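Read through the structure below, which is laid out as structure tokens, and then see the notes.
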Number of protein chains: 2
Amino acid sequence: MISTLELARHCKVSQGTVDRALHNRAGISPATRERILAAASTFGFRPHPAAREIITGKSMTLHAIVPAVNNVFFMDVIHALSEAMQERNLQFQISIVRDEAALLRTLADSAARRHQMVIIIPPKDNITIPADLTIHMPVVSLFSPCLGENVTFISPDEVDTGREGVDYLVSKGHRKIVFLSFTRTSYAISARSEGYQTRMRELKLQPQVYSQMSGNQLLEVLETDQPTAFFCHNDWLAIRTILSLRECGIRVPEDISVLGVDNSPTLSGICPELTTLSYPTPAIIDSVVAVLDGAVPVGIKTPLAIIERNSVQPRTNGKRLRR
Amino acid sequence: MISTLELARHCKVSQGTVDRALHNRAGISPATRERILAAASTFGFRPHPAAREIITGKSMTLHAIVPAVNNVFFMDVIHALSEAMQERNLQFQISIVRDEAALLRTLADSAARRHQMVIIIPPKDNITIPADLTIHMPVVSLFSPCLGENVTFISPDEVDTGREGVDYLVSKGHRKIVFLSFTRTSYAISARSEGYQTRMRELKLQPQVYSQMSGNQLLEVLETDQPTAFFCHNDWLAIRTILSLRECGIRVPEDISVLGVDNSPTLSGICPELTTLSYPTPAIIDSVVAVLDGAVPVGIKTPLAIIERNSVQPRTNGKRLRR
DNA sequence: TTGTAGGCGTTATCAC
DNA sequence: GTGATAACGCCTACAA
């Protein structure tokens, strides 16, 4: 890889002139410019980004640090973010980091490289980011809250998400609604469940939450609780539930309705009939961009949109409506 | 972010001494070393990686360029690669690039940054990588072949994969086997289908390939071809098929067997009963490491392992065996 | 034990 | 128009 100095020597000009040619700045004759550009292209000259980064004191890359890339839903959001940032001529790069210690190390590397900003999906809730890493670089956390100066948590109000799912199912005539979730603890998991429970109680309905259920356990729940709808923490779990139920001969939506959350494109592709609450990815992106521009990010206030397909069916008094 | 020069001034020593302290090299008194290290940590000193990269002429990062991160299967492999490379103390970073032009631009950036190596999942088959990008940096392509000097395509023999699926299903007593695939064209898609067809013919069986089938179309196939097994191009399609069949009241595996390919952890989590051919991710990683070490990569010769769960059931003469 | 000088590849500013 | 010179942050070699 040839450098500007070598290029200058080869063209028998100074480095300054090479620079003028490469950035087609004023103060150079068309002839020499052409000559230098021709040489540059034959030698396959490419400026070394690291050198520019040292001089300008900033880099044009934006770093997303995630705990895993094989989580479909995280990746849908990251993918959308990448598109948005590339439109703004920023290099968007992703690193995978397993635990808190490695996260802080990677974050320090980003700070040293003067990355424009770091977007993290924390491996667990409420990690504290040391202030010295964020004085020159904003940090945004998605899905899990993070503590620290210049650190912004961007998320819809997940308690609302839980309430909204209940309201939607109730508007379709459901009264016996069971919430299916996961045992691991995180903001989204506990908040959605909490929203479901408080809204159910407000409506004088009996909340019932189960986590990590096997197919047989689901059958038992059908026996004991006689639900007409399963409200699932996310699309992945909803599809898993539909598969299990159908495996046992329970029909969805004829025998029971299933509602997911996220509207993940990948998963909707697998199960096109899934009704789901759509995660507000565009609003998330707008907030991230706001932080990048130094503006105060507006909270995600919009209620999640309901994507009605047909895994949820209307009922009256617990019986299925004819259509 | 403080520099070594500023650190030197603050400690009233020269840059050389700071360097000795930071790299705890010989030729410095313990007292000054301690003093400098203390100052470094209070100021939160971090060396600028770009400066080192300019001096040493190489970077410690390894770049994966992929067309999308919301493809579950690609990401399973990328995730495994990331783990393997981080164990070797390399920074593993991922970029998303939509088309051929952007791929070449990103590749050029990697070359300019002296990345250790680039792993690409090409957006389409047989892209030619210009030789000047790969003289100092090996490029590995996964899933889709790529042309060019110092470019290595690492993949199992996908024709064999197709043959193997047939042999497995035949060993379970299946004779009427329909292959389900996609309409888009790529090496893996056409090769697996080709392997299926040639092996079926060798066994004097009638091959039948369908692509991009809706639920209703699947029912028609059941009527006309009367298959006892669906061999699906990958796990995603297999799960989609199982969902569709069960939606129509067709039982899997009681009425028909379904075989996938990949053994993707994410998808197996959704459908734990899926029988599938396991993609040889460990062997892929070994080959990538071999290229990184400058060795000639060995081809992936091992046949794919069969992960037997129970979406495939044994038959005799097209009838289901009792167990 | 410590300081100085030079260089990596690029950019910016000053002269001529 | 063009060239020289210094600077960015770090590292190595040589001198004191």
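When you look at B:Gly44, is it away from DNA strand C (no atom under 12 Å from the Cβ), on the phi > 0 side of the Ramachandran plot and within 12 Å of chain A (Cβ to nearest Cβ), yes or no?
yes
What tally of residues in the stretch A:164-192 results from selecting those that are without any contact (Cβ under 8 Å) to a residue 12 or more places away in the chain and either more than 23 Å from A:Leu142 (Cα to Cα) or not in a helix (DSSP H, G or I) (or both)?
Filtering the stretch A:164-192 down to residues without any contact (Cβ under 8 Å) to a residue 12 or more places away in the chain leaves A:171, A:184, A:190.
Restricting the remaining residues to those that are either more than 23 Å from A:Leu142 (Cα to Cα) or not in a helix (DSSP H, G or I) (or both) gives A:171, A:184.
Selection size over the stretch A:164-192: 2.
Among the listed residues B:Ser95, B:Ser82, identify the single one that is under 13 Å from the mean Cα position of the chain (by Cα), at the interface with chain A (Cβ under 10 Å from one of its Cβ atoms) and small (Gly, Ala, Ser).
Step by step, each of B:Ser95, B:Ser82 is checked, and only B:Ser82 is under 13 Å from the mean Cα position of the chain (by Cα), at the interface with chain A (Cβ under 10 Å from one of its Cβ atoms) and small (Gly, Ala, Ser).
Restricting attention to the stretch B:10-47, which residues are charged (D, E, K, R) and exposed (fewer than 13 other Cβ atoms within 10 Å of the Cβ)?
B:Lys12, B:Arg25, B:Glu34
Kindly indicate which of B:Ala101, B:Ala51, B:Ala108 is at the interface with chain A (Cβ under 7 Å from one of its Cβ atoms) and free of Cβ contacts under 8 Å to residues at least 24 places away in the same chain.
Going through B:Ala101, B:Ala51, B:Ala108 in turn, just one is at the interface with chain A (Cβ under 7 Å from one of its Cβ atoms) and free of Cβ contacts under 8 Å to residues at least 24 places away in the same chain: B:Ala51.
Of the residues that make up the stretch B:180-202, is at least one closer than 25 Å to B:Glu83 by Cβ and away from every other protein chain (no Cβ under 14 Å)?
Scanning the stretch B:180-202 turns up at least one residue that is closer than 25 Å to B:Glu83 by Cβ and away from every other protein chain (no Cβ under 14 Å).
Is there a residue in the stretch A:287-295 that is buried (at least 18 other Cβ atoms within 10 Å of the Cβ), in contact with a Leu (Cβ under 7 Å, 6 or more places away or on another chain), among the β-branched types (Val, Ile, Thr) and modelled with pLDDT under 95?
Looking for residues that are buried (at least 18 other Cβ atoms within 10 Å of the Cβ), in contact with a Leu (Cβ under 7 Å, 6 or more places away or on another chain), among the β-branched types (Val, Ile, Thr) and modelled with pLDDT under 95, one finds none in the stretch A:287-295, hence no.
Return the residues of the stretch B:140-159 that are within 16 Å of B:Ala305 (Cβ to Cβ) and surrounded by fewer than 19 Cβ atoms within 10 Å (Cβ to Cβ); say none if nothing qualifies.
The one that is within 16 Å of B:Ala305 (Cβ to Cβ) and surrounded by fewer than 19 Cβ atoms within 10 Å (Cβ to Cβ): B:Asp157.
Check whether at least one residue in the stretch B:59-70 is without any contact (Cβ under 8 Å) to a residue 12 or more places away in the chain and either farther than 30 Å from B:Val261 by Cβ or crowded, with 16+ Cβ neighbours inside 10 Å (or both), and report yes or no.
yes
For the stretch A:11-30, check the following and say yes or no: at least one residue is on the phi < 0 side of the Ramachandran plot, near DNA strand C (Cβ under 7 Å from one of its atoms) and either in a loop (DSSP other than H, G, I, E, B) or among the polar types (S, T, N, Q) (or both).
yes
Please determine, by comparing only the residues of the stretch A:58-74 that are assigned to a loop (DSSP other than H, G, I, E, B), under 25 Å from A:Ala108 (Cβ atoms) and at the interface with chain B (Cβ under 9 Å from one of its Cβ atoms), which one is farthest from DNA strand C (Cβ to nearest atom).
Looking at the filtered set, the residue picked out is A:Asn71.
Go through the stretch A:75-158 and tell me which strands (runs of 3 or more DSSP E), entirely inside it, have 2 or more residues that are more than 22 Å from B:Gln93 (Cα to Cα).
Numbers: elements: A:91-96, A:117-120, A:139-142, A:151-154.
It comes to A:151-154.
Can you confirm whether B:Ile54 is part of a helix (DSSP H, G or I), more than 7 Å from DNA strand C (Cβ to nearest atom) and at negative phi?
no
Looking at B:Gln197, B:Gln206 in this structure, which one is crowded, with 16+ Cβ neighbours inside 10 Å and in contact (Cβ under 8 Å) with a residue 24 or more places away in the chain? Give the derivation first.
Details: B:Gln206 fails: crowded, with 16+ Cβ neighbours inside 10 Å.
The match here is B:Gln197.
With respect to B:Ala8, determine if the residue is in a helix (DSSP H, G or I), within 10 Å of DNA strand D (Cβ to nearest atom) and either of a type in the set (Ser, Thr, Tyr) or more than 14 Å from every other protein chain (Cβ to nearest Cβ) (or both).
The answer is yes for B:Ala8.
I'd like to check something: does the stretch A:223-238 contain any residue that is among the β-branched types (Val, Ile, Thr), in contact with a Gly (Cβ under 7 Å, 6 or more places away or on another chain) and either at positive phi or surrounded by 15 or more Cβ atoms within 10 Å (Cβ to Cβ) (or both)?
Yes, the stretch A:223-238 contains a residue that is among the β-branched types (Val, Ile, Thr), in contact with a Gly (Cβ under 7 Å, 6 or more places away or on another chain) and either at positive phi or surrounded by 15 or more Cβ atoms within 10 Å (Cβ to Cβ) (or both).
The values are calculated or read from the model by the stated rules, or taken from the named source; none is laboratory data. Treat the numbers as computed from the prediction; the structure is a model and nothing was measured. Neighbour counts are summed over all protein chains in view; Cβ atoms, including those assigned to glycine, are modelled from backbone coordinates with ideal geometry.
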